[in-house]
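The values are calculated or read from the model by the stated rules, or taken from the named source; none is laboratory data. Note that the structure is a prediction, hence the values are computed from the model and not measured. Ideal geometry is used to build each Cβ from the backbone, glycine not excepted, and the neighbour counts take in all protein chains shown.
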Amino acid sequence: MFTETAAFYDAIYAARGKDYVREADAVVAHLRRVRPDATSLLDVGCGTGAHLARFQENNLACRGIDKDVKMVALARARCPEIEIEPGDMLDFVLPERFDAVTCLFGAAAYARTPDRLGRAIANMSQHLGERGVLFVEPFIEPDAFEVGNLHSIFVDEPDLKIARMNVSKRVGSIAIIDFHYLIATKRSGVERRFERHELGLFSENDYHEAFRAAGLSFEALDEPAFPRGFYLGSK
């Protein structure tokens, strides 16, 4: 996970142009369409809590789960009124049941294999109440992943400079994302950091099968806020 760079995560994705408000509002719009009386939401893989903050502004009672304890700390600081705790999507257990569960920004791909994806989707489904709705944003599909692509993001703020670069790699059905960072701050000077991320390259059919096995319907939505895809399942 982003254990080496959690403190810089928001700055990096702001530079990339990620629009958490637009994405959260799109989720809420679909939720209101299929479940207009929904009042509660659990965000799995909530990161720094940017989606959660917007969900709360849309009058949803929220909770959050993330495997990375540094992300949990940042999310708690951003959303002090929301209960957020560490947990693995495969086996976290909460006493509540929710009208909606979300797993966004490709977080489900960290399951890595179809079997583990099935476990994660089943666990999320178990945390849905009657008529609950699951929303999942996938990572890149296998046929769309291009090995050897060069990627970079640059942060250029007055007190923070970051260059993050990687080359797309693949081993079987696993994408290997080796992030190399140069981070410059006035306090620490220039530092090098490295993270490896391994993500499953799941097809739409992999998600369809996981939803079906968990007792959920499956709908692939055409949603401009999520160009990599957006899946909805209902109990």
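State yes or no: is LEU60 touching a residue at least 24 places away in the same chain (Cβ under 8 Å), crowded, with 20+ Cβ neighbours inside 10 Å and aliphatic (A, V, I, L, M)? Write out each step before concluding.
Values: touching a residue at least 24 places away in the same chain (Cβ under 8 Å): yes; crowded, with 20+ Cβ neighbours inside 10 Å: yes; aliphatic (A, V, I, L, M): yes.
Here the answer is yes, as LEU60 does meet what is asked.
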When only residues in the range 28-55 that are under 13 Å from the mean Cα position of the chain (by Cα) and β-branched (Val, Ile, Thr) count, which is farthest from PHE92 (Cα to Cα)?
THR48
Hits in the range 10-26 - residues which are under 13 Å from the mean Cα position of the chain (by Cα) and assigned to a helix (DSSP H, G or I)
TYR13, TYR20, GLU23, ALA24
Across the range 146-188, the tally of residues that are assigned to a strand (DSSP E or B) and either of a type outside the set (Ser, Thr, Tyr) or without any contact (Cβ under 8 Å) to a residue 40 or more places away in the chain (or both) stands at 30
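Every residue, every condition in (1) out of contact with any helix residue (DSSP H, G or I) (no Cβ under 7 Å at 6 or more places or on another chain); (2) more than 18 Å from LEU52 (Cα to Cα); (3) assigned by TED's automatic domain parsing to the domain that holds ALA53, yes or no:
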site	(1), (2), (3)
VAL72	yes, no, yes
ALA77	yes, no, yes
ILE84	no, no, yes
GLU96	yes, no, yes
ASP99	yes, no, yes
THR113	yes, yes, yes
ASP159	yes, yes, no
Subset tally (residues that are of a type in the set (Gly, Ala, Ser) and assigned to a loop (DSSP other than H, G, I, E, B)) for the range 127-145
0
For ALA122, all conditions in the list (1) touching a helix residue (DSSP H, G or I) at 6+ places or on another chain (Cβ under 8 Å); (2) of a type in the set (A, V, I, L, M); (3) crowded, with 17+ Cβ neighbours inside 10 Å; (4) over 21 Å from THR48 (Cβ atoms) hold save one; what is the number of the exception?
(3)
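Would you confirm whether any residue within the range 15-24 is touching a Ser or Thr at 6+ places or on another chain (Cβ under 8 Å), farther than 19 Å from GLY233 by Cβ and at pLDDT 95 or above? Full working, then the answer.
Initially, the range 15-24 is screened for residues touching a Ser or Thr at 6+ places or on another chain (Cβ under 8 Å), giving none.
Within the range 15-24, not a single residue is touching a Ser or Thr at 6+ places or on another chain (Cβ under 8 Å), farther than 19 Å from GLY233 by Cβ and at pLDDT 95 or above.
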